[in-house]
Amino acid sequence: MVTKMLQLFGCARLRLKHSGAGLLSALLACAFLAGPALAADPRESGPRTLVITYHTSPANRLAFRQELEQSGVRQLQRWKDDGVLQSYRVLFNRYVDSANWDAMTMVTFAKESDIERWKKIELEAPAGLSQKALSLVTSIDTVPADLMRQNSTAQSGGNSVFVVIPYEYVVPVDEYIAYLDGYVLPQTDGWMEEGVLASYGIYLARYPAGRPWQSLLVLEYKSDQALGARDAAVAKVRARLKENPKWKAISDSKKNVRVERSPVIADSIAAR
């Protein structure tokens, strides 16, 4: 059976004894080696994304959100217009949740020299915030990261709702990336085909030791109705993928690859 699974991944010459966790390691290694050519690995240069999360007290949530809408997003847009940022996104946790962040900003730079420009911005606007916004937060976490995988449709819009899921992976990073390509992406792409998902992005933390997350999955659902159909879409896509022997081999291996942390349901913030 092991030989048959390895043949599915084009690794029939691999001569190893595998069972349980070892089997999945072999399957993922083969998938990583035999998979399609991908774009240049972003880890070959400095990290070009910062994922910044802000925490505020329940009493200050409204004031903090208003400050982000009135000045925070406008300032990010000015930095983008000036060429400092390639892109940005600001999300706000839909619910009061003391165990999680209240707002998240993801900023991406086109080149490493732009990160030097951001370093100077941090001297006057720490974490990209105004002085008023800084007075309203209780703590901030900044994680340098790499956008490893993404996909989107042309149907993103003002009704989108985001589900942000942090993970800790418990395998070597290359094996985890192979797991993403072989197991996770066929599902997220399938949810897009089902019409519930507008986009997704998968980020890996650079220098992950002690970070609040190592891998971050950002799912953009087209609407609250689409989010409500999430479980049905997941079940439908998985039933279809069980007919794919490569996907099923990884699914059946039963190895623990990652630990899921508490997700956040969030809305995008636009400037007023």
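The numbers here are math on the coordinates, done by the rules we state, and not lab data. Please read all numbers here as calculations on a predicted model, not as lab measurements. Counting neighbours? That spans all protein chains shown, and the Cβs are built from the backbone with ideal geometry, glycine included.
Points to keep in mind about this one:
- Per-region count, the stretch 78-95, residues under 17 Å from ILE265 (Cβ atoms), assigned to a strand (DSSP E or B) and not aromatic (Phe, Trp, Tyr): 4
- Residue in the stretch 255-269 that is within 26 Å of ARG89 (Cα to Cα), buried (at least 21 other Cβ atoms within 10 Å of the Cβ) and of a type outside the set (S, T, N, Q) present: yes
- Output for the stretch 174-202, where each listed residue is in a helix (DSSP H, G or I) and of a type in the set (A, V, I, L, M, F, W, C): ILE177, ALA178, LEU180, VAL184, LEU185, TRP191, MET192
- Candidates VAL171, VAL143, filtered to the one that is over 16 Å from the mean Cα position of the chain (by Cα), surrounded by 17 or more Cβ atoms within 10 Å (Cβ to Cβ) and not in a helix (DSSP H, G or I): VAL171
- Considering the stretch 96-133, the residues that are in a helix (DSSP H, G or I) and among the small types (Gly, Ala, Ser) include one that is farthest from ARG261 (Cα to Cα), namely SER113.
Matching residues to (1) in contact (Cβ under 8 Å) with a residue 60 or more places away in the chain; (2) within 18 Å of MET148 (Cα to Cα); (3) among the charged types (D, E, K, R):
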| site | (1), (2), (3) |
| --- | --- |
| LEU185 | no, yes, no |
| ASP189 | no, yes, yes |
| TYR200 | no, yes, no |
| ARG238 | no, no, yes |
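- Filter result for ILE177 (under 18 Å from ARG89 (Cβ atoms) and either out of contact with any Ser or Thr (no Cβ under 7 Å at 6 or more places or on another chain) or surrounded by fewer than 16 Cβ atoms within 10 Å (Cβ to Cβ) (or both)): no
- Residues in the stretch 50-70 that are within 20 Å of LEU85 (Cα to Cα) and not hydrophobic (A, V, I, L, M, F, W, C): 4 in all.
- Considering residues of the stretch 41-83 that are free of Cβ contacts under 8 Å to residues at least 40 places away in the same chain and under 22 Å from the mean Cα position of the chain (by Cα) only, the residue surrounded by the fewest Cβ atoms within 10 Å (Cβ to Cβ): GLU44
- ASN151 vs. criteria of a type in the set (S, T, N, Q) and touching a residue at least 60 places away in the same chain (Cβ under 8 Å): no
- In the stretch 146-168, of all residues being of a type in the set (Val, Ile, Thr) and within 30 Å of ALA63 (Cβ to Cβ), the one that is surrounded by the most Cβ atoms within 10 Å (Cβ to Cβ) corresponds to VAL164.
- Among (1) within 29 Å of SER223 (Cβ to Cβ); (2) surrounded by 14 or more Cβ atoms within 10 Å (Cβ to Cβ) - the single one ILE121 does not satisfy: (1)
- Meets criteria (free of Cβ contacts under 8 Å to residues at least 12 places away in the same chain and in contact with a helix residue (DSSP H, G or I) (Cβ under 9 Å, 6 or more places away or on another chain)) for LEU134: yes
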